[in-house]
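The values are calculated or read from the model by the stated rules, or taken from the named source; none is laboratory data. Values in this document were obtained by computation on a predicted structure and should not be read as measured data. Because the Cβ atoms are built from the backbone with ideal geometry, glycine has one as well, and the counts that use them run over all protein chains shown.
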Amino acid sequence: MNLIKKVVNEGSTTQKPIWLMRQAGRYLPEFRKIRKENSDFIKLCLNEILVPEITLQPLKRFNIDAAIIFSDILMLPYGIGQEVEFKKNFGPILGELENVNFSSTDENEFTEKLLPVYRSIKKVSHSLISQNKSLIGFVGAPWTILVYMLNKQSPKKELNSKLENLKENKRLIQVIIKYLKIHIKNQIKNGADIIQIFDSWAGLVNKKDVGDLIYKPNAELVEFIKSLNIPVICFPRETKNYVEFINEVNPSVISLDYNVDIKRIVKEIKIPTQGNLDPKILLSDVNNIKKNTLAILDNFKDHPHIFNLGHGVLPQTDPNMIEYLVKLVKDY
């Protein structure tokens, strides 16, 4: 059994496994070379030759314990039929939701459209068998997918007023859940042995709506994934109350963002944790990396814990700093 599975299934605290959100991608020179030659990001995510190569690039460099498939949470709206493109120095741009006919996309059509993603997962899964490492599949949480589908861009720019229509939002979330379950099932069927749910915009939801928009939808997905005998990691970024989230959603592992008070949270949380180094710390020097990394490792010394960041690796990160971090965790 690999280290991540030992933490998740057995509550092991003896060795700390490590993987990093966005470990495959933009900070690696070998990825940047591929990206330069493949300007269409969606087409790149559907490239069955390059996706396995990109997914495995960080494992060739670093002694990490899991691969996470190179993909994007917005493959879900793409699979349903919404236009999705990524604009350089801006981010994702999505087409009009009014042009999407939800009733015309059936399970087979959706699966067929995303088949290259599942074939890539199968290829990576086969290559990891001898390495005894996990393969993490992932989805965006229903609310976060809804934000992108309605907002048509990152909410960092501005927030669409349609997101305030709770009744309509709940209806759309149920449609999104339907396709997320298909997407999750297909990833697991092809070799993903852990699923992470990214609720990147959980922090935008008002307290009065958090049950309907965050807890219930995530709980439905968690129950579905667990019914397939696969552990599930939830990352409700900037959620107002991690303890309440865990009680309502019941994930296998809770992934913490870098704003969390880890001294308080380790006393309150019983399930395995993941996280939560601030990615900006990797832009500093080795002494600062060491100080902050050891603080997290010491805090979770007697608690089942997967070392990770509190968000994704930043593009300007020096790969040598990642190598230093991984060795630090492995030597702990």
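For every residue, the table says whether it meets (1) closer than 22 Å to Ile306 by Cα; (2) touching a residue at least 60 places away in the same chain (Cβ under 8 Å); (3) not hydroxyl-bearing (Ser, Thr, Tyr).
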| position | (1), (2), (3) |
| --- | --- |
| Lys162 | no, no, yes |
| Leu166 | no, no, yes |
| Asn169 | no, no, yes |
| Ile197 | yes, no, yes |
| Ser200 | yes, yes, no |
| Lys208 | no, no, yes |
| Val222 | yes, no, yes |
| Ile225 | yes, no, yes |
| Ile254 | yes, no, yes |
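Would you confirm whether any residue within region 118-135 is part of a strand (DSSP E or B), in contact with a helix residue (DSSP H, G or I) (Cβ under 9 Å, 6 or more places away or on another chain) and within 24 Å of Ile233 (Cα to Cα)?
Residues of region 118-135 part of a strand (DSSP E or B): 134-135.
Add one more test, that the residue is in contact with a helix residue (DSSP H, G or I) (Cβ under 9 Å, 6 or more places away or on another chain), and what stays is 134-135.
Keeping just the survivors that are within 24 Å of Ile233 (Cα to Cα) gives 134-135.
Scanning region 118-135, I find at least one residue that is part of a strand (DSSP E or B), in contact with a helix residue (DSSP H, G or I) (Cβ under 9 Å, 6 or more places away or on another chain) and within 24 Å of Ile233 (Cα to Cα), so the answer is yes.
Gln196 satisfies every condition listed in (1) of a type in the set (S, T, N, Q); (2) part of a helix (DSSP H, G or I); (3) surrounded by 14 or more Cβ atoms within 10 Å (Cβ to Cβ) except (2).
Taking the conditions (1) charged (D, E, K, R); (2) free of Cβ contacts under 8 Å to residues at least 24 places away in the same chain; (3) over 20 Å from Thr13 (Cβ atoms) in turn, Asp318 satisfies each one other than (2). Exactly one residue among Val205, Val175, Val249 is modelled with pLDDT of 95 or more and among the β-branched types (Val, Ile, Thr), and that residue is Val249.
Kindly establish whether Leu114 is crowded, with 19+ Cβ neighbours inside 10 Å, closer than 24 Å to Trp19 by Cα and not small (Gly, Ala, Ser). Write out each step before concluding.
On the way: crowded, with 19+ Cβ neighbours inside 10 Å: yes; closer than 24 Å to Trp19 by Cα: no; not small (Gly, Ala, Ser): yes.
No.
Looking only at residues of region 147-157 that are in a helix (DSSP H, G or I) and in contact with a Pro (Cβ under 9 Å, 6 or more places away or on another chain), we find that the one that is surrounded by the most Cβ atoms within 10 Å (Cβ to Cβ) is Val147.
Filtering region 6-27 to residues that are in a loop (DSSP other than H, G, I, E, B) and of a type in the set (Lys, Arg) leaves Lys16, Arg22, Arg26.
So for region 85-103 (the condition being among the hydroxyl-bearing types (Ser, Thr, Tyr) and more than 19 Å from the chain's Cα centre (by Cα)), does at least one residue qualify? Steps first, answer last, please.
As a first pass, look at region 85-103 and keep what is among the hydroxyl-bearing types (Ser, Thr, Tyr): 103.
Applying the additional criterion that residues be more than 19 Å from the chain's Cα centre (by Cα) yields 103.
Yes, some residue in region 85-103 is among the hydroxyl-bearing types (Ser, Thr, Tyr) and more than 19 Å from the chain's Cα centre (by Cα).
Checking the structure you have, find out if any residue of region 48-60 is among the hydrophobic types (A, V, I, L, M, F, W, C), out of contact with any Ser or Thr (no Cβ under 8 Å at 6 or more places or on another chain) and closer than 25 Å to Met321 by Cβ. Spell out the reasoning first.
Within region 48-60, the first condition is being among the hydrophobic types (A, V, I, L, M, F, W, C), and the residues that meet it are 49-51, 54, 56, 59.
When the remaining residues are screened for being out of contact with any Ser or Thr (no Cβ under 8 Å at 6 or more places or on another chain), the result is 49-50, 54, 59.
This time we only want the ones that are closer than 25 Å to Met321 by Cβ, so: 54, 59.
Among the residues of region 48-60, at least one is among the hydrophobic types (A, V, I, L, M, F, W, C), out of contact with any Ser or Thr (no Cβ under 8 Å at 6 or more places or on another chain) and closer than 25 Å to Met321 by Cβ, which makes the answer yes.
Of all residues in region 29-80, those being more than 19 Å from the chain's Cα centre (by Cα), surrounded by 17 or more Cβ atoms within 10 Å (Cβ to Cβ), outside any helix (DSSP H, G or I) and not polar (S, T, N, Q) number 1. Working only within region 8-24, note down all residues that are touching a helix residue (DSSP H, G or I) at 6+ places or on another chain (Cβ under 6 Å), more than 19 Å from Val232 (Cβ to Cβ) and surrounded by fewer than 20 Cβ atoms within 10 Å (Cβ to Cβ). Correct list: Gln15 only. Being modelled with pLDDT of 90 or more, touching a strand residue (DSSP E or B) at 6+ places or on another chain (Cβ under 7 Å) and under 27 Å from Val222 (Cβ atoms) is a condition met by no residue of region 99-119.
Looking only at region 106-131, count every residue that is of a type outside the set (A, V, I, L, M, F, W, C) and free of Cβ contacts under 8 Å to residues at least 40 places away in the same chain and tell me the total.
Step one: of region 106-131, the residues of a type outside the set (A, V, I, L, M, F, W, C) are 106-109, 111-113, 116, 118-120, 122-123, 125-127, 130-131.
Filter again for free of Cβ contacts under 8 Å to residues at least 40 places away in the same chain, leaving 106, 108-109, 112-113, 130.
Here the count works out to 6.
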